[in-house]
Amino acid sequence: MVNYAYLIPLFPLAAFVINVFWGRRLKSNSAPVAILAMLGSLAISCLILKEVIAGKTLEQSWEWFKVGRYSFEAGFLVDPLSAMMLCVVTLVGILVEIYSIGYMRGDGRYHLFFAYLSLFIFSMLGLILSNNLIQTYIFWELVGVCSYLLISFWFEKKSAADAGKKAFITNRIGDAGFFLGLSTLFYYLGTANFARISQRLAHHPEGLSQGVLTLAAVLIFCGAVGKSAQFPLHVWLPDAMEGPTPVSALIHAATMVAAGVYLVARSYAVFAAGHLSLEVVSYIGIITSFMAGSIALVQTDIKRILAYSTVSQLGYMMIALGTGGYSAGVFHLMTHAFFKALLFLCAGSVIHACGVQDIRQMGGLFGKMKVTATTCLIGCLAISGVPPLSGFWSKDEILLSVYNSGNRVLYVLTLTVAFMTAFYMFRLLFLTFFGKPREKLHIHKPAPTMDWPLIVLAIFSIFSGFVGSPFLGHAFSHFIYFHPEHVEPNHMVMISSIIVGLAGIALAWVFYILSPGIPAVLAKNFSPVYNLLLNKYWIDEIYDRCIIQPFLRLTKFAFSFDRYLIDGAVNLAGTSCVAVSRVKGWIDKYIVDGLVNLIALVVGALGEVFRRLQTGLIQNYILLIFTGVVVMVFLLRFI
Amino acid sequence: MIPLSHYLILSAILFSIGLYGVFTRRSAVGILLSLEIMLNAVNINFVAFAKFMAPHSLAGQIFVIFTIGVAAASTVVGLAIIVAIYRNYKTIFVDEIDVMKW
């Protein structure tokens, strides 16, 4: 079955082609096409996962083209990491597509939405299966394009179009770094193949300076920073909420932000070999995580809270990877995919049902949307790290790896983020579903196709953590194996993680159920902090002031430079050319033409004279001939 | 025996008559007739010179026969042209056919 891995991305690609070219005719049937294709991919992915668990791996590659002594290859790689990711992506993908049937009903570009979703999933699957960095880069860019298409899907709205552009441009900045990184690596190692890179770094590290490896790793990490929305390139992700909610779910869970973490995990050998690169990863991770977590505390847009939560959780994964918790990071990537997709789809249902996004306007929705509320509760419990839900196990492993790294500050900050996560998730839950309705909202029940994906995801959110739990002997970390890690459970860490999670939940309960007046008082008393968080540390404004405005000024300067100097030079050349041609025209007209006319005139005048000879009377001619003959005879005779 | 000069004088007279005819006749047919007279003058010259200069060669006589044949043929062409001209211009007076000038 592993031999057929290349079929997995081909199904969504086929669905994309069908929906793009015949979608208009298919109308509402475009959804089943996409879903069937995903079903095929999911089935193959599951079969492959089963075989990979049994110990099978496969790498196949073909030479793509050759430049000098460098050979570029295309191929696919099936190993535990990719097999696990394939299953997560296809599973989340199919659920999101099913959910979209109800969510996107009646949209004018219904078929196109499914086409884009299919292309998005195709790109992500291709990225996962790539066996070398160059192919990864190609799919990486495809993912970027798809995110652009989907975030600005409702491009009639200016904010959506802007968000799409922002996502794309911010990603491009990271991608430039990624490209430089992979070029560096390719230049020094002569190969872009992951397996060969790891092999070379493990067995023949001679001739490679630490500096080069660190540089390559940090540059590759730039790409991951862009895609996985890490500080300082995280700004696009909250804005990406302008896209349809299923897209947000897909971006946040499976297809986009996971790519960055996946890339770091894939090229982990480079990071491990570089000197400071893992430290860079973990520090960026903690900065991102803490910042995004604290911003999420005060946001009021339901999707933005979730977006910042995603940024924060991605930071978490980066911390794990940075502190050597390879399997912990990947494990959290998997569990997070399930519960974040679940939370986003819940948010989508809520938005779909009441038509607003501000949680202050909601409240008391529990009775009206039982399925949504219950699954949302499960998602919140999972992300807050309440045992025995999936988030607890993965978060515990991350905390363990941070703890084992010996950096106490990092550990405390990570725990703080866990606390904030629990607090803002339950703030969202309480404000949305509990208490009394704050505004009169017309609620219409979500369609069953929107409920079922929630239930499936909720089940996965509950149980997917067990694969990495001590009950199953840490099966996951043995499966996704990079190098021996500390996995013996530390009860202190486990208990502290539970305590901060529950404390966060309790605090949220006190603030938003017990005495709802407290938050306002706090906001008033700590208004500088509150405003700082509400305005997202003014990062957008800082970027605007420090980068965008100077850049715009630069472009304006370049424009005026272009306009006055370059255009001026061109115009000068044009004007002088015209002047020269005027002179030339004069010469042509009066001298050259004059000569020609003169010749014609002379010839004409001569003709005027000599045409008199031509009388047309044949006898004249004969006379002339005769005279001529006589003259000639005389001449011959006497001269 | 008639001397050569007599033949040549006769020939010269005939040629002059023919030339005069070519110059003065208005009718194209007349011009053709005059041309024939000039040709016959030439023929006489041929025969006479042949007789007096190379009595045993027949080249001169044979050349005359050639000339007569070619003259007949050219006359036919000339007449055909005259007929064509007549059809187009309803005249065969050469002073009225002056389309050849400028």
message: Cβ-Cβ under 7 Å, sequence separation 6+ or interchain: first residue in the stretch A:64-89 and under 15 Å from A:Leu47 (Cα atoms), partner outside any helix (DSSP H, G or I) and polar (S, T, N, Q). Which pairs?
response: A:Val78/A:Thr57; A:Asp79/A:Thr57
query: Does the stretch A:617-624 include one or more residues that are surrounded by 10 or more Cβ atoms within 10 Å (Cβ to Cβ) and either away from chain B (no Cβ under 14 Å) or hydroxyl-bearing (Ser, Thr, Tyr) (or both)?
result: yes
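Quick one: which residue in A:Asn597, A:Asn535, A:Asn571 is within 31 Å of the chain's Cα centre (by Cα), among the polar types (S, T, N, Q) and more than 14 Å from every other protein chain (Cβ to nearest Cβ)? Full working, then the answer.
Numbers: A:Asn597 fails: within 31 Å of the chain's Cα centre (by Cα); A:Asn571 fails: within 31 Å of the chain's Cα centre (by Cα).
It is A:Asn535.
Against the condition under 30 Å from A:Tyr308 (Cα atoms) and either of a type in the set (Asp, Glu) or part of a helix (DSSP H, G or I) (or both), how does A:Gln549 come out, does it pass?
Details: under 30 Å from A:Tyr308 (Cα atoms): yes; either of a type in the set (Asp, Glu) or part of a helix (DSSP H, G or I) (or both): yes.
For A:Gln549, the condition - under 30 Å from A:Tyr308 (Cα atoms) and either of a type in the set (Asp, Glu) or part of a helix (DSSP H, G or I) (or both) - is met.
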query: Only one of (1) more than 14 Å from chain A (Cβ to nearest Cβ); (2) touching a helix residue (DSSP H, G or I) at 6+ places or on another chain (Cβ under 8 Å) fails for B:Phe23. Which number is that?
result: (1)
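So that you can scan it fast, the table gives a plain yes or no per residue for (1) surrounded by 24 or more Cβ atoms within 10 Å (Cβ to Cβ); (2) touching a Lys or Arg at 6+ places or on another chain (Cβ under 7 Å); (3) within 20 Å of A:Gly329 (Cα to Cα):
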| residue | (1), (2), (3) |
| --- | --- |
| A:Val350 | yes, no, no |
| A:Val356 | no, no, no |
| A:Phe366 | no, no, no |
| A:Thr375 | yes, no, no |
| A:Leu381 | yes, no, yes |
| A:Leu389 | yes, no, yes |
| A:Ser405 | no, no, yes |
| A:Thr414 | yes, no, yes |
field: Residues located in the stretch B:46-102, provided they are within 13 Å of chain A (Cβ to nearest Cβ), within 19 Å of the chain's Cα centre (by Cα) and assigned to a helix (DSSP H, G or I)
entry: B:Gly78, B:Ile81, B:Ile82
- prompt: Out of A:Val402, A:Val386, A:Val409, A:Val417, which single residue is more than 29 Å from the chain's Cα centre (by Cα) and assigned to a helix (DSSP H, G or I)?
  reply: A:Val409
Cβ pairs under 6 Å, 6+ apart, first in the stretch B:43-66 and touching a residue at least 40 places away in the same chain (Cβ under 8 Å), second aromatic (Phe, Trp, Tyr) and part of a helix (DSSP H, G or I): B:Ala48/B:Tyr7
query: For the stretch A:188-206, does any single residue satisfy the condition of being touching a His at 6+ places or on another chain (Cβ under 7 Å), in a helix (DSSP H, G or I), at pLDDT below 85 and more than 30 Å from A:Ile94 (Cβ to Cβ)?
result: no
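The values are calculated or read from the model by the stated rules, or taken from the named source; none is laboratory data. Owing to the predicted nature of the structure, the values given are computational and were not obtained by experimental measurement. Here the Cβ is made from the backbone with ideal geometry for all residues, glycine too, and neighbour counts use every protein chain on show.
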